[in-house]
Amino acid sequence: MNCCNGCHNQGYEKLNPVFEKYRNKPGSLISVLQEAQELYGYLSMELMDYIAENIGVKPAKVHGVATFYTQFRLKPVGKYLILLCQGTACHVNGADAVKEAITEELSIEEGETTSDNLFTLNNVACLGCCSLSPVMMINGETFGKLTPAKTKEILREFKARESKSAEVTA
Amino acid sequence: MEMYRSHVMICRGTGCTSANSEQIAKNFEEEIKKHGLEKEVVVERTGCFGLCALGPIVIIYPEASFYSLVKPEDVEEIVKEHLVKGRVVKRLLYAESVEEDRIKSINEVDFYKKQVRVALRNCGIINPENIDEYIAFDGYKALAKVLTEMTPVQVIDTVKKSGLRGRGGAGFPTGMKWEFASKSHNEQKYVLCNADEGDPGAFMDRSVLEGDPHSVIEAMTIAGYAIGANQGYIYVRAEYPIAVKRLAIAISQAREYGLLGKGIMGTNFNFDLEVRLGAGAFVCGEETALIASIEGQRGMPRPRPPFPAVKGLFGKPTILNNVETYANICPIFLNGPEWFASMGTEKSKGTKVFALGGKINNTGLVEIPMGTTMREVIYEIGGGCPNGKKYKAAQTGGPSGGCIPASHLDVAIDYENLIALGSMMGSGGLIVMDEDNCMVDIARYFLDFTVDESCGKCTPCREGTKRMLEILERITEGKGEESDIEKLETLAKNIKNSALCGLGQTAPNPILSTLKYFRDEYEAHIRDKKCPAGVCQALLSYTVIDEKCKGCGICAKQCPVSCISGQPKTVYKINSDKCIKCGVCMTKCPFKAIEKK
């Protein structure tokens, strides 16, 4: 998105209403970053610089805030974001085995994205569905009482859905 | 309001929702329509009923029939039998509620019998997305009383008299906090709600917000009146999408009804609320860090004093209370502070909500009067450990807390008793562990969490927790040294005394409490290089049980490093030098002839 002519803000117009919405609200940097990530999937350096310029804070501060919170992603993520719960209940009920299953099925470790850009695996602190432990969330949908076999089955379903829709578009 | 002969309450908390309760609700609506009962029976989507282990849950009133583990395909039968013909479908009822000659209502089953629901009073009873239902259950009545009959000083006195203490974990008297802020003179003050429920294993705040968001809004408005604030913020985790959505709906409905905004209930009191989404940082549960985060900064704590009551959000006097604390406020005004103070122990009044999780049969949310024993919670309400396993410990207080072993199960739960045991109340996560859980691994797990979540501002926490984690990792990998326990104890003491905020000061607790009650497990790891619970992979070896092996050879075929040898129909052997301890052989063996020790 960054070209040599200084027109690096191209493509970020969708943020303008967000800037407008928060213009007079104090302390809204985090909210702006959250909405920006929602729109663009992740926070690139260019995007953060653009935000800094537009809301009148130093780029260093924007970077500082973005790197502090686990919610913010500085790298692109796959189409499906897997949030694997690391809560206590999940831990005592075998979250490690679920992690192994995901790694086996998708060949990615925590923080990585599959080469086809379909899946990203992120570890998260407790998702708060301890009664369903161990739990993972994929794009907002919660999957509970996981076993390694069930985990693989769920991931395969996602994959199957993808190859089907790929066929349709082809 | 329309009158209906039957109410079908369907749980739309996170647990039941992920078990497809929305589909069940839709099926009910469809079937009810099919039978032409739309004018007689209403379907309500409610908050959490508490017994999450048996979700999705459907309760049909007026009988209070408790259907558990309901599937979308069961709905047709329930409508046809129960709603049309009036015959309860016994097969689908919660097993414990069925007796030979009669059916118990929800309030009579063991899980609910000992509970007293104050903070959770409306969860599972009302539709949280409809303000009229909240109002029908005495909603905004406390606010009306406060605004029209009481002075701010009387409001604070009432909260003080009730004995309510902060439910976020530390247990600071709520009334005193309000009083400090009310005495700070400033035109602008703030009321904050901490809904950044970060303790792994706790989900009571989420359930209150999902099931009864107005109770928090009403209480924050009362707090605003008491301290003289006209603006509030609810800081809620972005990981709780249902709670965020319901809060937004509730706030806009309250504004529409004139219960938030300018001139509330025709008085000259103004108060409004804004929701701020947390961006995922455990340390933001600490009050000064949370304030920094609302200001749009990195969520790092600062030294106190000045306390937020003097200098808080944007430098103005601020009070910050937890969701559950607010959920207790309205009943105190409706029933009187004496009523509230009549529950509980000498220094801990009222009730406490616990999130039961881990190795326990009835996982879910329970609310018990303070002073109830741990044994009652775990065995009578929680139903004990599943699969006949032996109870080992319960962990309360999350990464700041500690373990309660079997020998202390009869202690009455209150703030002081739990601290005396080396644990703490915490926000209310209660994770049960059985004989298959390794306590050194649990300590390592919590330290891993704190190291990850340490903000890095002060050295004891940033460096100290990391060193403790390294030692624990060494121990669980079989490289522990004789002096490690001593080193852990010294480090723990120093970090406790010198860290800047609560996160660092309490980070050593999981180690200290497991050392206190399960020192033998540490010693077994260090001296004998054994993990008695069979959790720490590096210390395990897989062996074939000779008598059980039928010589099928499946294990040898499955082993990824070919370390199992043998001939068909003879006993196979595992070469432990080559074994990578992946455990595949054990899961694949059809005769359970492989064990790990």
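The values are calculated or read from the model by the stated rules, or taken from the named source; none is laboratory data. Please read these numbers as outputs of a predicted model, since none were measured by experiment. Cβ sites come from the backbone with ideal geometry, for glycine too, and all protein chains shown count toward neighbours.
For the residues B:Leu69, B:Leu51, the requirement of being within 14 Å of chain A (Cβ to nearest Cβ), in contact with a helix residue (DSSP H, G or I) (Cβ under 9 Å, 6 or more places away or on another chain) and either of a type in the set (S, T, N, Q) or without any contact (Cβ under 8 Å) to a residue 24 or more places away in the chain (or both) singles out B:Leu69.
For B:Glu197, the test of being modelled with pLDDT under 95, part of a helix (DSSP H, G or I) and closer than 27 Å to B:Gln395 by Cβ is failed. Within the range B:260-277, the residues that satisfy the criterion of being aliphatic (A, V, I, L, M) and over 24 Å from B:Pro241 (Cα atoms) are B:Ile264, B:Met265. Could you please find all residues in the range B:165-176 being in contact (Cβ under 8 Å) with a residue 12 or more places away in the chain and surrounded by fewer than 24 Cβ atoms within 10 Å (Cβ to Cβ)? Matches in the range B:165-176: B:Gly166, B:Ala170, B:Gly171, B:Pro173, B:Gly175, B:Met176. Annotation note: of B:Gly336, B:Gly383, B:Gly350, the sole residue that is within 14 Å of chain A (Cβ to nearest Cβ) and on the phi > 0 side of the Ramachandran plot is B:Gly383.
Looking at the range A:124-135, which of its residues are in contact with a Lys or Arg (Cβ under 8 Å, 6 or more places away or on another chain) and either at the interface with another protein chain (Cβ under 7 Å from one of its Cβ atoms) or in a strand (DSSP E or B) (or both)? Of everything in the range A:124-135, those that are in contact with a Lys or Arg (Cβ under 8 Å, 6 or more places away or on another chain) and either at the interface with another protein chain (Cβ under 7 Å from one of its Cβ atoms) or in a strand (DSSP E or B) (or both) turn out to be A:Gly128, A:Leu132, A:Ser133. For the range B:311-330, taking the residues that are out of contact with any Asp or Glu (no Cβ under 9 Å at 6 or more places or on another chain) and assigned to a helix (DSSP H, G or I), the one that is farthest from B:Lys177 (Cα to Cα) is identified as B:Gly315. Of all residues in the range B:232-246, those satisfying the criterion of being under 17 Å from B:Glu287 (Cα atoms), within 11 Å of chain A (Cβ to nearest Cβ) and free of Cβ contacts under 8 Å to residues at least 60 places away in the same chain are B:Tyr235, B:Arg237. Taken together, the residues in the range B:261-310 that are part of a loop (DSSP other than H, G, I, E, B) and more than 10 Å from chain A (Cβ to nearest Cβ) amount to 17.
Each residue in the range B:424-436 was checked for being surrounded by 24 or more Cβ atoms within 10 Å (Cβ to Cβ) and more than 10 Å from chain A (Cβ to nearest Cβ), and 4 of them qualify.
The lone criterion from (1) touching a Pro at 6+ places or on another chain (Cβ under 6 Å); (2) within 14 Å of chain A (Cβ to nearest Cβ); (3) among the β-branched types (Val, Ile, Thr) left unmet by B:Thr363 is number (1).
The numbered conditions (1) within 13 Å of another protein chain (Cβ to nearest Cβ); (2) closer than 30 Å to B:Ala499 by Cβ are all true for B:Met370 except (1).
Evaluate the range B:67-82: report whether one residue or more is touching a Cys at 6+ places or on another chain (Cβ under 6 Å) and closer than 24 Å to A:Leu132 by Cα. Within the range B:67-82 (the criterion being touching a Cys at 6+ places or on another chain (Cβ under 6 Å) and closer than 24 Å to A:Leu132 by Cα), the answer is no, since none of the residues qualifies.
Conditions (1) in a strand (DSSP E or B); (2) over 25 Å from A:Met48 (Cβ atoms); (3) of a type outside the set (Asp, Glu), marked per residue:
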residue: A:Val62; (1), (2), (3): no, no, yes
residue: A:Val65; (1), (2), (3): no, no, yes
residue: A:Arg73; (1), (2), (3): no, no, yes
residue: A:Leu81; (1), (2), (3): yes, no, yes
residue: A:Ala97; (1), (2), (3): no, yes, yes
residue: A:Thr103; (1), (2), (3): no, yes, yes
residue: A:Thr120; (1), (2), (3): yes, no, yes
